There are 2 protein chains.
Amino acid sequence: MAEYKAPIQDMQFVLNDVFKADQLWASMPHTAEVTPDLVSAILEEGARLCENELFPINRSGDEEGCTWKDGAVTTPTGFKDAYKTYAESGWVGLGGDAEFGGQGMPKMLTVMFEEMVYAANTSFALYPVLSAGASLCLLRHASDELKQTYLPPLYEGRWSGSMCLTEPHCGTDLGIMKTKAVPNDDGSYAISGTKIFITGGEHDLTDNIIHLVLAKLPDAPAGSKGISLFVVPKFLVNDDGSVGERNALSCGSIEHKMGIKGSATCVMNFDGAQGWLVGDANKGLAAMFTMMNYERLSIGLQGVGLGEVSYQSAVAYAKDRIQSRAPGGAVQPDAAADPIIVHPDVRRMLLTQRAYNEGGRAFAAYVGMWLDIAKGHPDAAEREKAEGLVALLTPVAKAYFTDRGLDATILGQQVFGGHGYIREWGMEQFVRDARIAQIYEGTNGIQALDLAGRKVAANGGQWFEIFRTEIQTVIDELTDEQFAQPLRDALEKLSDATAFLLDAAAGDANAVGAASCDYLNLFGLTAYAMMWAKMAQATAGKDDDFHRAKRATASFFMQRLLPETTAYHAKVKAGSESLMAAPAELF
Amino acid sequence: MAEYKAPIQDMQFVLNDVFKADQLWASMPHTAEVTPDLVSAILEEGARLCENELFPINRSGDEEGCTWKDGAVTTPTGFKDAYKTYAESGWVGLGGDAEFGGQGMPKMLTVMFEEMVYAANTSFALYPVLSAGASLCLLRHASDELKQTYLPPLYEGRWSGSMCLTEPHCGTDLGIMKTKAVPNDDGSYAISGTKIFITGGEHDLTDNIIHLVLAKLPDAPAGSKGISLFVVPKFLVNDDGSVGERNALSCGSIEHKMGIKGSATCVMNFDGAQGWLVGDANKGLAAMFTMMNYERLSIGLQGVGLGEVSYQSAVAYAKDRIQSRAPGGAVQPDAAADPIIVHPDVRRMLLTQRAYNEGGRAFAAYVGMWLDIAKGHPDAAEREKAEGLVALLTPVAKAYFTDRGLDATILGQQVFGGHGYIREWGMEQFVRDARIAQIYEGTNGIQALDLAGRKVAANGGQWFEIFRTEIQTVIDELTDEQFAQPLRDALEKLSDATAFLLDAAAGDANAVGAASCDYLNLFGLTAYAMMWAKMAQATAGKDDDFHRAKRATASFFMQRLLPETTAYHAKVKAGSESLMAAPAELF
């Protein structure tokens, strides 16, 4: 059966030993009060919540799913109580701004907590995570009045948030959206249109649901430059902040999906609903990207978390299930057979999962670190560097975490053999739940285009150069050649592929798209190699089980996973011709 | 939405142009009457059946699933009627022995038909495919009396077959099974025990179900050398061949699974059920392997078929869905956007699917060809060579088809974006249905061990050398260096990896297991490269759309997929150390 304990020891190793987070936090005003003791307490309290409240309703939530009736959505049994506990303990506002009631914790810490929540119950996680993202968007772009109205109840978890972008005929290409916003006399707008695939668009967990809706003003320019962002509450808000009358919007139905069945995916109909402009007119897409970038890193963590719970469950099974003998002779001669963890190929699966999970966890902390630096480092140059790195690394985190997350859940399922395919064992749910993370918040193909196009080619590799220097610094500090050499090789391939990409993009409109997916994989592998090298270095001089296991996994990563760089490098350099040669009719 | 047309033109290209099947058939007595016209008629009739009868009940079958009540299993609406049509048209016995009422068609043809059936409706396919496998096992190993009793109704589809191996505590390791067979006075046996994961163990499609059951005789040696095979009918058979009284066996429940929901996966309880020995006592596992090897190639086709239906559906969507503009500028300037097939990364996904599907289809025909040669080639040396190749290539076909089949269905789902995750669009069902094929009939990890251990290392690479020579012959005949060079490179890597494996296996008990999965992938890629080179060669001088598309896909395969050989080669040569270094407690 599936089992989960939050990997607190590893999280603390990443924060304290790999990244010396305490020193960083102490050096920046906005995190000066974050102490290691506080972080420990938060991780331990979060682990208890995830293990005891959220994980036990994960399987049942999948079986029961959400139900829709007459516009109302009921979440699975237990979600409402668990959400109440979650909200009342202040978890929704963990990373929120202190001025409006948030707890102001650094991103390096909140990524750890979010990973746990996804691991324990991905469907559940989506409700508060969307609230956190919506809050961040309002904090950055909304007027003070809107912030005063919406942020405190969002941080408290009394209200929740949603992001309404997709329409039946447009997802990636939001420029052709049809939802309209017509000015009312009182400064508000009447929003009309249909949005689909709205996660948490309707549910029974909170008193109000705050929709962030993209729509077009009557005189808006065509395309993506004519999109504005509105805040549209399910219930209008009275002057005293209490919940007022129902707004003109409703949930028309919910989707029946492959997974995340406890998360309501809604068709939302806006019928002249009253909304308020957030930020500037026609600048809505950029504002929404504040939320989307937040969500992209968060959705990446869905991949890491599901990989982790799948790994833990698979290891337990592999130690327990006896079947056949070890290749070198019985290790349990008195039993009918040996536990399957003796088999090299079972270990290959487990170590692959582990290498992905722990590499992803460290990389999430790394991206979180640059987010924290971007937010409040005293040195403006550091902040600017951090902004560039965050922009560059966000699509990598989203896509690489979730691609490897799916791989990890598939491997965990495979370890269970036939039992992995049976619903009651829980392993197949992780696969189904992980699959959506490669699709939503911008498909991983879109992430790859964002990386190769906007984040690398469009600025001549300027941000890449910063990251390259960061990796080089790590290489220079490594004392063990068994980790330095493979990282050096990987960086050389990534640098060469980047140079090829920049060159090809100058002369071939299809070059970026042709390279994008393989380039992202090469990038992700190299980034994980950087993390594994740093982690291995951080184990120096320590020989307990935890640190020995860490070094063993680092060696495995370098020897058995990193060689994939050779294939991705070759694919990038194959160029666009074999993709574009055939006209569409030949497909 | 999902759509499917059987790829008859490609099937005929493979049979006629790539493998010159007509010449082979004409040269062997047992296939002398198989003419191209007959083959065309069978493929066309089969296509009609799959497209019109089986595909329309695929989605609904998934939603409805099988139901169990008081020991009886009801298949989804429409399955019973479709099965009646299927059986009455003689499809169950398509490859069956003519002496007992089968149609005696060559394996090269039946693999094409089976692929169609899996593509149209995998859940449905499993019922007749298991009957075909059970029939083959009885044909090879049962007494004349048992054959006379069981084969005609199995070929006619009036009765169906199942294979009962797995027990709650043993799957891979059948040596520790507990099911017992106690001799009765009349020469039959009383079978008692519980079998799980029995596909088609109970259902409402046929008048009788014939279970092939592995069990242990009272005096049986321990382990896998003490297993015997029994035929155990659901209803005992009267002397006149009619269905008699109920045997002492029952279906205790059915599993709730990730996919193949229209296929009943049963817990079967045998309570002193009357059964008859098939073949020699204690030689049951070898006899069952006749069925399992048949099923392994067949289950491979499940991967190819599901990849094909996913590809066809994804191409249709990619041509229809408009979203954003082509990188080089609008191709449909009058429309709001361009169809997504203009994007290089969408083409990468589609071409990858296509390269896997068509490569797999050709390789299935290739393995089928050697099965046909092994069965009845006039030259004993050819038959022996064929036996070796079939043994070598069967695990590759099973595992590589199904691993790439899952990849293909995931890519097809990805092309649909968010809609790919919604059940009604049908794309996610293909993923769920494909996933089991990597697990059952021996997990793909077991296939890889079978390949690297029994089929390569155990005979010093003798069968591999035959295959290597076959590839070399293809290389020597190629006229286009763009296909010859990559195939030569791949063969070199595979040969080097094989030499490494043979050498390592001599001194390290874990070497085979450590290399197995990556070795199989390297092997599969090289085999597909051989197929693609042969297919490209067969298009020479032809310039219609079909042949141009074939050449374009061949180029894509060589440039964008075959480079993965470099990674697998490196992983194989990394050896076992990084897998085995950590003791189990460190996991």
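The values are calculated or read from the model by the stated rules, or taken from the named source; none is laboratory data. Predicted, not measured: the structure shown is a model, and the values here were computed from it. Counting neighbours? That spans all protein chains shown, and the Cβs are built from the backbone with ideal geometry, glycine included. For the accessible areas, the whole protein counts, side chains as well, though only heavy atoms, and no ligand, DNA or RNA atoms are used. Shrake-Rupley method; radii C 1.70, N 1.55, O 1.52, S 1.80 Å.
Expressed in Å, the radius of gyration and Dmax of the Cα atoms of the stretch B:446-587 are 17.3, 62. Counting from the shortest, the label point at A:ALA336, 7 Å from Cα toward Cβ, is 6.2 nm from the same position in each remaining copy. Kindly work out what percent of the DSSP beta bridges joining two residues of chain A are antiparallel, to the nearest 5. Antiparallel: roughly 85 percent of the beta bridges in chain A.
Copy-to-copy label distances for A:PRO183, where each label lies 7 Å from Cα along Cα-to-Cβ, are 9.9 nm in order of increasing length.
Considering every pair of different Cα atoms, what Kirkwood radius, in Å, is found for the protein assembly as shown? Result for the protein assembly as shown, one decimal place: 30.9 Å. Label reach from A:GLU145 (point 7 Å along Cα→C-beta): in the stretch A:260-284, amide nitrogens under 18 Å belong to A:274-281. Think of the protein assembly as shown as having a plus end and a minus end, set by charges on the Cβ of Lys, Arg, Asp and Glu; of B:GLN323, B:TYR366, B:PHE467, B:PHE467 sits farthest toward the positive end of this dipole. If I take every Cα pair under 8 Å that is 6 or more residues apart in the stretch B:1-131, average their sequence separation and divide by the length, what percent do I get for the relative contact order? Result for the stretch B:1-131 is 24 percent. Under 29 Å from the Cα of B:LYS542, which lysines turn up, not counting those fewer than eight places away in the same chain? List returned: A:LYS571, B:LYS5, B:LYS20, B:LYS107, B:LYS319, B:LYS534, B:LYS550. When the alpha carbon gyration tensor of the stretch B:120-181 is reduced to an equivalent ellipsoid, the three semi-axes, largest first, read 24, 19, 8 Å. Between A:TRP25, A:GLY223, A:ASN521, the Cα set farthest toward the positive side of the dipole of chain A (charges on each charged residue's Cβ, about the Cα centre) is that of A:ASN521. In the stretch A:270-402, the ratio of gyration radius to Kirkwood radius, Rg to Rh, stands at 1.25 when only Cα atoms are counted. Here the alpha carbons of the stretch B:375-470 define both size measures, Rg and Dmax, at 18.1, 56 Å. The order of the peptides B:382-388, A:73-79 by mean Cβ neighbours within 10 Å, most packed first, is A:73-79, B:382-388. Shape class for the stretch A:1-105: oblate, because the ratio a/c of the largest to smallest gyration tensor axis (alpha-carbon atoms, square roots of eigenvalues) is 1.5 or more and b/c is at least a/b. Calculated FRET efficiency, A:ALA98 to A:ASN238, Cβ-Cβ distance, R0 = 30 Å: about 0.70 to the nearest 0.05. Computed with the Debye formula from one identical point scatterer per Cα of the stretch A:153-227, without solvent, the log10 of I(q)/I(0) at q = 0.26 Å⁻¹ comes to -1.14. Available extension along the chain between B:ALA222 and B:PHE546 is 111.0 nm, counting 0.36 nm per residue and deducting the alpha carbon span. Sequence-distant contacts, meaning Cα pairs under 8 Å at least 6 residues apart, place the relative contact order of the stretch B:210-300 at 32 percent. The reciprocal of the average 1/r between distinct C-alpha atoms defines the Kirkwood hydrodynamic radius, which for the stretch A:146-281 equals 15.2 Å. Over the stretch A:64-162, the Kirkwood radius and the radius of gyration, each from Cα atoms, give a ratio Rg/Rh of 0.99. For B:HIS169, the accessible surface of its heavy atoms amounts to roughly 50 Å² (probe 1.4 Å, protein chains only, rounded to the nearest 10).
Simple point charges give the picture: +1 on the Cβ of Lys and Arg, -1 on the Cβ of Asp and Glu, and for the stretch B:484-587 a dipole about the Cα centre of about 540 debye. Placing a label point 7 Å from the Cα of A:ALA32 along the Cα-to-Cβ direction, the distances to the matching points in the other copies come to 9.8 nm, shortest first.
For the stretch B:451-490 versus the stretch A:544-584, the spacing of their alpha-carbon centroids is 25 Å. The dipole here belongs to chain B: it is taken about the Cα centre, uses +1 on the Cβ of Lys and Arg and -1 on the Cβ of Asp and Glu, and is about 1060 debye. In sequence order, the stretch B:342-351 has phi-based couplings of 6, 7, x, 6, 5, 5, 4, 5, 5, 5 Hz under the Karplus curve 6.51 cos²θ - 1.76 cosθ + 1.60, θ = phi - 60°, and Gly or Pro positions carry x. For the stretch B:219-336, the equivalent ellipsoid derived from the Cα gyration tensor has semi-axes of 52, 19, 14 Å, listed largest first. Near B:ALA264, the amide H atoms lying under 5 Å from its own belong to B:GLY200; only residues 5 or more places off or on other chains count, and H is placed 1.01 Å from N. Relative to the longest principal Cα axis of chain B, at what angle does helix B:79-88 sit, 0 to 90 degrees, rounded to 10? Taking the Cα atoms of chain B, the angle to B:79-88 is about 90 degrees. In the frame of its principal axes, chain B has Cα extents of 80, 59, 58 Å, reported largest first.
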